[in-house]
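Worksheet: the structure to be examined is printed underneath.
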Amino acid sequence: LTPTTGRTGIYSNSNFNELSLQNNRFESTAPRDIISFMNYEWNATAIQLEGALTSAHTVNIEGNEIMRVANTKIFGRGLYMGNGAGTNCPGGIIANNTFEGFYGLQFVRISEDLTITNNQIFGNTMFNSIIGEKAVIAEGNTFSAASAVGAAYHYSTIEFRSIKNGSITFNNNSIQDYRNLGILSSASKAIFLNGNTFTPAVDATDFSSLFV
C-alpha cells in the first residue's frame, strides 16, 4: 500500500454476511516521514467493512496482522467497521489478531453482538454507538498507545463514544504505554469494566488512566 497506488486492502459495503478473514497479513509501505506525528496514512485502511442498514452481518476475523514494514507509515485505520454515514458495523468474532493504525480498531454503529478477544492493538481503539440492545464483549486484549506515530499523539488508547443502547463488557484487558488517557468514556452508559490492567508510559507525567 502506498499513497498513490492504494488506500484499502479489503473493502465491502455490500452483502458480506458470514465473511471469514483468517491468517492474512496487511502491510503499509508508504515511506516514513521524518516528523513522528505524520507517520500515518490517514485515508488508508487495511480492512473496511460497512454493513447495509437493512440486513444483519456477522464476520469472523482471526489470526491476521495489520502492520507496517521497516521505515514506513502506519495505516490511518487498521480494522474499520461501519462508518456512521448510512452503514452499520457488523457483529461476530475478532480474535488473535495484531493490528496497528492511528486507529488500530474503529467500530461505528455496532448492529450485532460483537466479541473481541486475545488481540494486540497498537494505536487508538474506538467504540462509537450501538444500535439496539446488542452486546459487545472485549476480553483478554492488549491495547497499546505505542504506535509508530508515538504515544503522545494518541489522545486516548480506548474511547467509548455515544454508547446509549446495548452494553460493553470490558474485562481483563491490558491498557498500556499511554501518555494521555487510558480510557475515555464520552456520553456513554452501560460500560462494565472489570479486572483490567493500566500501565502508562514510563515517562508519562500528565495522564489519566480513566476519564469519564
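Annotations
- Per-atom-type breakdown for the range 131-184 gives carbon and sulfur 45% of the accessible area (1.4 Å probe, protein chains only).
- Heavy-atom accessible surface of Tyr11, to the nearest 10 Å², is about 110 Å², with a 1.4 Å probe and all protein chains retained.
- Theoretical FRET efficiency, 1/(1+(r/R0)^6), r = Cβ-Cβ of Val69 and Glu133, R0 45 Å, to 0.05: 0.60
- Among Phe207, Phe143, the sequence by solvent-accessible area, most first, with a 1.4 Å probe is Phe207, Phe143.
- The accessible-area ordering, largest first, of the residues Thr98, Thr199, Thr54 stands as Thr54, Thr199, Thr98, per a 1.4 angstrom probe.
- For the range 88-185, the set of GluC sites (Glu not before Pro) satisfying both a DSSP loop assignment and a count of at most 14 other C-beta atoms within 10 Å is given as Glu133.
- Normalised by residue number, the volume inside the convex hull of the Cα atoms of the chain is 106 Å³ per residue.
- Rounded to the nearest 0.05, the FRET efficiency derived from the C-beta distance between Glu27 and Ala56 at R0 = 35 Å is 0.65.
- Sites excluded, trypsin sites (Lys or Arg not before Pro) in DSSP loops with at most 14 other C-beta within 10 Å, longest stretch of the chain: 1-163
- Accessible area in the full protein assembly, largest first, 1.4 Å probe, for Asp203, Asp177: Asp203, Asp177
- The chain - charge dipole about Cα centre, Lys and Arg +1 at Cβ, Asp and Glu -1, debye rounded to 20: 320
- If R0 is 35 Å, the Cβ-Cβ spacing of Thr115 and Val202 corresponds to a FRET efficiency of close to 0.65.
- Å² of accessible area per residue within the range 88-212, as computed with a 1.4 Å probe and no ligands counted: 38
- A viscosity of 0.890 mPa s and a temperature of 25 °C, combined with the Kirkwood radius over C-alpha pairs in the Stokes-Einstein formula, give the range 146-212 a diffusion coefficient of 198 µm²/s.
- When both bridge partners sit in the range 28-157, DSSP labels roughly 5% of those beta bridges antiparallel.
The values are calculated or read from the model by the stated rules, or taken from the named source; none is laboratory data. Please read these numbers as outputs of a predicted model, since none were measured by experiment. Using ideal geometry, Cβ is built from the backbone for each residue, glycine included, and neighbour counts are taken over all protein chains shown. Quick note on the areas: whole protein, heavy atoms, side chains included, nothing else; ligands and nucleic acids left out. Shrake-Rupley method; radii C 1.70, N 1.55, O 1.52, S 1.80 Å.
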